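Accompanying notes for the structure given below.
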Amino acid sequence: MIWNENKECMSRDEMSALQGKRLHKIVNYVYHNVPFYRRKLQEMDITPNGIQTIEDISQLPFTTKQDLRDNYPFNMQAAPAEEIVRIHASTGTTGNPTIVGYTRKDIEIWSECMTRCLTAYGVTRKDIFSVAYGYGLFTGGLGAHYGVENLGASVVPTSTGNTEKHVRLIRDLGITGIACTPSYALYLAETMDKMGINRDQIKLRIGAFGAEPWTENMRNEIENRLGLKAFNLYGLSEIMGPCVSYECEMQNGSHINEDHFYPEIIDPNTMEKLPNGQLGELVFTTLTKEGMPLLRYRTKDLSSLLDGECECGRTNVRMGRIMGRSDDMLIIRGINIFPSQVESVILSMKEFAPRYLLVVDRVNNLDTLLVQVELRQEYFTNDFDRLAPLEAIQKKLADKLKSVLSISAKIQLKAPGTIERSQGKSQFVVDKRKLN
Ligand code: DLL
């Protein structure tokens, strides 16, 4: 099923024409309503009339997270206060949080785009759908919630917390769909195990997972343990929230709602636009947003745009999985390392649960990488006489990591359940070098 064939299946020419028209309009809008953009455009000698087609976007300035911080709280807002009906804030770890205001029309578009995602996953009005992203300043909860309601399925606003109660609701209400972070999905599975509830006692069939990077191996693990089909959901608060892109049944990249969010991939160092297929930094321009429209926002997410038609019938361009962030890429002894690379190795070994923590440090001027990883129950032992197999497992992981990362990592095997769980976004890396 396709929710909005008119917008999800346009020809490339029609889509480009629509995008060009909307780009002109949005540039005109920010020029007259956001002093920050007016100044930037004037400095670059750009007038809204000079931006007529979508190709003209390359003339426009980029916007960064720092720009949003510098304009805290409301100086990036284009709509007058009386038009704003909702405000979200990002979980800033450093500096000011990013404040995003939405008009009623923004919320409508967000809900519609979220409904497109859910429809692509196969959700129908008959489904009972649990939204287990956090409700609150984070966009996950309310964003997914409005999409489910707009579609007409029953939404159960479980949010995070009280996981045992959630598991009982899943079983007792016959909940068929769930939206949460992939790590929370695994935590749910663990909780089910502890409660003695197995996948045959529940009816989950569809999962909408995002808000943090995850891998194909994690997808398999979630699907096997919860008995559902797991789909990718991508978004970021600055641009809208969950709904920016979504997988269809082909699960070959995520379709971008590009009639509202225009994507580009750039080289993060030169800021030059990269051709389709190449990995680089994802940049979005909001084409219809009223509350806080952004031109060429640098997401720091590393991905690529995929060429070619999708067999599902949608023509919206697809993006590949997020391979990491240009700013959470670790450079260890001069080598670029993505936590997702380590995760893939860990998950390729049956001995480990998908729970790990990378601890990076600097000892005597030398970077060190410690990988803490949880053993599965069946491989765990406390018995000193039976430690030899554990040593072999440890060595196997160390060797595999060495061949993938080209650097040696120290491995610390952990007992099941001992790496701290998170109900929201998980932390996979502690970089002590930055803390010094
Ligand atoms: O995480 C919005 C969201 C909520 C998306 C629920 C999907 C589901 P922020 O808190 O602003 O917004 O964080 C955005 O999270 O730039 C990515 O680095 C990461 N991210 C989001 N979705 C995915 C995904 C929400 N599917 C940041 N895969 C983004 C990988 C993701 N990373």
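Some notes on this structure:
- Some residue of region 76-92 being among the acidic types (Asp, Glu), in contact (Cβ under 8 Å) with a residue 24 or more places away in the chain and in the same structural domain as Asn257 (by TED's automatic domain parsing): yes
- Boolean, Gly253 is open to solvent by 20 Å² or more (accessible area, probe 1.4 Å), within 15 Å of the ligand (Cβ to nearest atom) and not hydroxyl-bearing (Ser, Thr, Tyr): no
- Scanning region 234-250 for residues that are closer than 23 Å to Ile99 by Cβ, open to solvent by 10 Å² or more (accessible area, probe 1.4 Å) and either touching a Cys at 6+ places or on another chain (Cβ under 9 Å) or not assigned by TED's automatic domain parsing to the domain that holds Gln77 (or both) gives Tyr234, Gly235, Pro242.
The rows are residues; the columns are (1) closer than 17 Å to Phe209 by Cβ; (2) open to solvent by 20 Å² or more (accessible area, probe 1.4 Å); (3) of a type in the set (A, V, I, L, M, F, W, C); (4) out of contact with any Lys or Arg (no Cβ under 6 Å at 6 or more places or on another chain).
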residue: Arg104; (1), (2), (3), (4): no, yes, no, yes
residue: Trp110; (1), (2), (3), (4): no, no, yes, yes
residue: Lys126; (1), (2), (3), (4): no, yes, no, yes
residue: Ser130; (1), (2), (3), (4): yes, no, no, yes
residue: Thr163; (1), (2), (3), (4): yes, no, no, yes
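- Pair list, Cβ < 8 Å and 6+ apart or interchain, from region 213-240 residues that are at pLDDT below 95 to residues that are more than 16 Å from the ligand (Cβ to nearest atom) and of a type in the set (Ser, Thr, Tyr): Asn217/Ser348
- Close pairs (6 angstrom Cβ cut-off, 6 or more residues apart or separate chains): more than 18 Å from Ile109 (Cβ to Cβ) in region 7-25, of a type in the set (A, V, I, L, M, F, W, C) and not in a helix (DSSP H, G or I) anywhere: His24/Ile51
- Only one of the numbered conditions (1) more than 10 Å from the ligand (Cβ to nearest atom); (2) part of a loop (DSSP other than H, G, I, E, B) is violated by Ile322, and that is (1).
- Some residue of region 105-116 being in a loop (DSSP other than H, G, I, E, B), of a type outside the set (A, V, I, L, M) and assigned by TED's automatic domain parsing to the domain that holds Gly177: no
- Qualifying position, being modelled with pLDDT under 95 and either farther than 26 Å from Glu112 by Cβ or open to solvent by 20 Å² or more (accessible area, probe 1.4 Å) (or both), among Gln66, Gln52: Gln66
- In region 193-233, residue most open to solvent (accessible area, probe 1.4 Å) [restricted to those that are within 13 Å of the ligand (Cβ to nearest atom) and part of a loop (DSSP other than H, G, I, E, B)]: Pro213
- Residue match in region 151-158 (condition: without any contact (Cβ under 8 Å) to a residue 40 or more places away in the chain, polar (S, T, N, Q), in contact with a His (Cβ under 7 Å, 6 or more places away or on another chain) and open to solvent by less than 50 Å² (accessible area, probe 1.4 Å)): yes
The values are calculated or read from the model by the stated rules, or taken from the named source; none is laboratory data. Predicted model, so just to flag it, every value in this text is computed and none were measured. All Cβ positions, even for glycine, are placed from backbone atoms using ideal geometry, and neighbour counts span all protein chains on display. Side chains included, ligands, DNA and RNA excluded: accessible areas come from the protein's heavy atoms. Shrake-Rupley method; radii C 1.70, N 1.55, O 1.52, S 1.80 Å.
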